[in-house]
1. Taking neighbour Cβ counts within 10 Å as the exposure measure, how do Leu81, Leu113 sort from fewest upward?
2. What is the spin-label model distance, in nm, from Arg169 to Thr39 if the labels are put 7 Å beyond Cα along the C-beta direction?
3. According to a simple spin-label model (label point 7 Å from Cα along Cα-to-Cβ), what is the distance in nm between Leu188 and Gln61?
4. Could you list which residues have their amide H under 5 Å from that of Val31, counting only those 5 or more apart in sequence or on another chain, with H placed in the peptide plane?
5. Tell me, Leu50, Leu111, Leu155 in order of fewest to most beta-carbon neighbours within 10 Å?
6. Are any of the pairs Lys29/Lys58; Lys150/Lys173; Lys153/Lys173; Lys116/Lys150; Lys116/Lys189 more than 19 Å apart by Cα-Cα distance, and if so, which?
7. Starting with the fewest neighbours, write out Lys58, Lys87 ranked by other beta-carbon atoms found within 10 Å of each beta-carbon.
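No value in this document is a laboratory result; all are computed from the given coordinates. Keep in mind that this is a model prediction, so the values were computed, not measured. FYI the Cβ positions are ideal-geometry reconstructions off the backbone, even for glycines, and counts take in every protein chain you see.
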Amino acid sequence: MDTDVEIATLRNVLFMEQINDISFVIDGKIVVLIEHQSTINENMPLRMLLYIARVYEKICQNDNLYRVQRVTIPRPEFIVLYNGKEKMQDEQTLRLSDMFAKYGEKNPIELELTVKIYNINKGHNVQIAQRSTTLDGYESFVHMVREYEKETKNLENAISRAITYCINRNILKEFLETNGSEVMNMLLKEWKLEEALKVREQESLEKGIKIGKEEAKEEAKKETLKELEELIKQGVTEASELLKKLSEK
């Protein structure tokens, strides 16, 4: 007996900037949201919550939610496939409740959403890859891009060589032959953005350290002035030594 699969991915371009993979309903019972991530985004539970609300709105658009009889909706599952460079265990779980402010934390959690993250880099979650030729091929392709990038230090060249490698070995051959240029553009954009974010993070850290040093220096001056005022009040002649200390800071 065939299982009904209905694609429920949102087509709103502006919203797709937030989550851009796929959601679908299987036999009217389950919604699966899958997003590929090259970094672990700890805001994913909130992003999924906003997304699933839109999906349910789309699914229930012909139902009257104000009627007395209960409306049945598909049970959701939230999945992220991780293929980043940073080390990660095979599986990780993110919870919406971990994002809540600490106020009232002793009270029962009234709203929860969990996101399962699976590491699909080569050598991780092998049993998952074995169930899908496409996913196994995708793992191999990403692995070869990374290997060629280490060798050439050139991302565009690495992607091009990985595409050729996979086509010659019948790995995602038909897809890469048809969509090779789109794959190239997509990965260049995604991984360059990833590098840009890392640079921005480092710059923010350096800026924070600099500001911290300046604030500490300013605080030290204030403390020295307080000490100086106290010494003057006490009539201590060694205040000049303290003034010298202040000028050196």
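1. With the sparsest Cβ surroundings first, the list reads Leu113, Leu81.
2. My value for the distance between the label points is 3.0 nm.
3. 3.6
4. The list, which skips near neighbours in sequence, is Arg75, Glu77.
5. By the 10 Å Cβ count, ascending: Leu111, Leu50, Leu155.
6. Too far apart for the 19 Å limit: Lys150/Lys173; Lys153/Lys173; Lys116/Lys150; Lys116/Lys189.
7. Starting with the residue having the fewest Cβ neighbours, the order is Lys87, Lys58.
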